Each structure stands twice: as C-alpha cells, then as structure tokens.
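Below: the structure, in structure tokens.
A short reminder: the numbers here are calculations on the coordinates, not readings from a lab. It should be emphasised that the depicted structure is a prediction, and the values quoted were computed from it without experimental measurement. Note that we place each Cβ from the backbone using ideal geometry, even for glycine, and neighbour counts take in every protein chain shown.
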Amino acid sequence: MSINKEIKKVTTHTLQKMKVAGEKISMITAYDYSFAQIFDAAGIDVILVGDSASNVMAGHETTLPITLEQMIYHAQSVVRGISRCLVVVDLPFGSYQGNSKEALNSAIKIMKETGGHAVKLEGGEQEAESIKRIVNSGVPVMGHLGLTPQSIYKFGTYTVRAKEEAEANQLKKDALLLQEAGCFAIVLEKIPAALAAEVSASLHIPTIGIGAGGKCDGQVLVMHDMLGINTEFKPRFLRQYLNMHEQITGAVQHYIKDVKSNDFPNEQEQY
Ligand code: KIV
C-alpha cells in the first residue's frame, strides 16, 4: 500500500490542537462521493455524514426513519471521496438508545464497513455509559447537545433549546459528563450564544456550533442549506453562500430549451 506523506490528515488530535491554538474548526455535512471530494479539496476540516440525510437526501420530514444500513451507504460514498479531512458518521435513531452493547455494535459496524473515522450520537447523561464503551473500544465519539433532532417528538418544536435555567444547567452538566465519558468534541445545536460560549470555555474538548453563536470552537452547516439547494429552510442562524436552486433550475431550463429547439447536440457534440 502506498501512503501519500504529502497529505496532512485531520485527526481528532488536530481538532484538539486547533482548540488550544484558538483556530476555528470548519465542518459541513456531505452524503455522497462527489460533494465529499469537492469539500475535502476545498480544505474543510471535518465532514459529517449526518442523519440529516433522512431529510435532504430521502425527503423525510424528520431524521428518525433513516437506518444504519442507509447511513453506512452514505458514509462509504463520502469516504471514497476524501483524502485529508476527518469523517464523522451519525449513529441513526434506534441504533444506540437500547443499551450500551447495541451502541457499541452499531459504532463498530459503521467503522468496519465505511472507513469513517468517528461516530456522533445525540444526548447527555443517559448516553454516557454507551459513549464510554464505544470510546474504550477505540472509536472516537462526537457528542450532540441542545436541539437534538432525533428527539423532535419529545420537544414538539424545532425552536431554540435551553433558554430556561433548568435546561441550561442540565446542558452544562451534560457537556461535562460527555467530556468525562471521552467525547473528542461536542455539537451544540440551537442554544443561546451566551450559554454556548460558557460551555465552550468550560471544556477542554472543542465545541462545534450550529445556531449556537460565534464563541463555539467551530461551526457546522448542512450542505443543502448553505449552498441554497433547499430554499424553504431559512432559520436565522443560516448563512446561504450560494443559490444552487436558482442556478440549477436555470441550467436545466437552458438544457430543455436546447433539446427542444434541436440546438443540442451540435456537429461537435456527436461522433
Ligand atoms: O445530521 C446533521 O446534519 C447534524 C448537524 C445538524 C449537526 O447532526
């Protein structure tokens, strides 16, 4: 096997060093080979194969329906497209909440079958035992607190979490517990910026925010949202960097016109 020594790979240790150095961590979701290749070459630090695939790839209303096998398919495709960034794969709903053995088995299946570098799971105190077991087996775990979409039916709404003191205190406690359990990083989703800043300062592991303000150690966005593939989802925290929906619509309409008018293919575009 030949190893390209020129490529400096991002590891969980790199992220730890970035936190210490005050260098922000960039993370984006991806679900397939082609986009993973573009994001990796663009210099992204971390690709998250998110269970948001359930929404943006499969068209489900929530993240709950996606299966472990489907996550594995997406992760395998992403891993084939990257050569440098860290790939974190979401453990889907129902693949880890049963008990720590189930959680370990799901994490091992993902690592063995995808070539991903770490797993992510949602939840605090109640997942600490599973996190310890997975980390003890050698698999790095990223935590996820705040708005945890797999619990949407418990929350009943996608609004900001931990605005009340009791939930904020529980979140601070959970963040410390996840760190103690061995998480290498924690996603903080849709919580007040001041709370995210306090949690980030209290931990020695990095936090990655989404709708959690600028004091987190890094940021993550869902690729379909930041590239403007989705046009209906416009939460306040989202910065849209492209309007791919408009650009793709224009390109496809142009193609349709060229086909209908017999302009495509021309003399040079045939054999
Ligand atoms: O699945 C996902 O895309 C996520 C991010 C929103 C953090 O978990």
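Looking only at the stretch 185-203, which residues are more than 15 Å from the ligand (Cβ to nearest atom) and not hydroxyl-bearing (Ser, Thr, Tyr)? Reasoning before the result, please.
Going through the stretch 185-203, the residues more than 15 Å from the ligand (Cβ to nearest atom) turn out to be 192-195, 197-203.
Of everything in the stretch 185-203, those that are more than 15 Å from the ligand (Cβ to nearest atom) and not hydroxyl-bearing (Ser, Thr, Tyr) turn out to be Pro192, Ala193, Ala194, Leu195, Ala197, Glu198, Val199, Ala201, Leu203.
Kindly indicate the residue of the stretch 117-133 that is under 16 Å from the mean Cα position of the chain (by Cα) and surrounded by fewer than 22 Cβ atoms within 10 Å (Cβ to Cβ) and also nearest to Ser151 (Cα to Cα) among those meeting that condition. Let's see the steps before the verdict.
Let us first name the residues in the stretch 117-133 that are under 16 Å from the mean Cα position of the chain (by Cα), namely 117-123.
From what's left, surrounded by fewer than 22 Cβ atoms within 10 Å (Cβ to Cβ): 117, 123.
Values: His117: 25, Gly123: 9 Å.
Only one residue fits best here, namely Gly123.
Residues Thr62, Thr67, Thr29, Thr11: which one is in contact (Cβ under 8 Å) with a residue 60 or more places away in the chain, farther than 22 Å from Gly218 by Cβ and of a type outside the set (A, V, I, L, M, F, W, C)?
So the residue among Thr62, Thr67, Thr29, Thr11 that is in contact (Cβ under 8 Å) with a residue 60 or more places away in the chain, farther than 22 Å from Gly218 by Cβ and of a type outside the set (A, V, I, L, M, F, W, C) is Thr62.
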Restricting to the stretch 223-246, count the residues that are surrounded by 13 or more Cβ atoms within 10 Å (Cβ to Cβ) and not in a loop (DSSP other than H, G, I, E, B). 6
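Scanning the stretch 15-38 for residues that are assigned to a helix (DSSP H, G or I) and among the aromatic types (Phe, Trp, Tyr), which turns out farthest from the ligand (Cβ to nearest atom)?
Looking only at the stretch 15-38, we keep the residues that are assigned to a helix (DSSP H, G or I), and these are 15-21, 33-38.
This time we only want the ones that are among the aromatic types (Phe, Trp, Tyr), so: 33, 35.
On the way: Tyr33: 18, Phe35: 13 Å.
The qualifying residue farthest from the ligand (Cβ to nearest atom) is Tyr33.
Residue-wise test of (1) surrounded by 16 or more Cβ atoms within 10 Å (Cβ to Cβ); (2) touching a strand residue (DSSP E or B) at 6+ places or on another chain (Cβ under 7 Å); (3) under 22 Å from Ser137 (Cβ atoms).
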| site | (1), (2), (3) |
| --- | --- |
| Lys8 | no, no, no |
| Ala21 | no, no, no |
| Ile47 | yes, yes, no |
| Leu91 | yes, yes, yes |
| Gly94 | no, no, yes |
| Asn99 | no, no, yes |
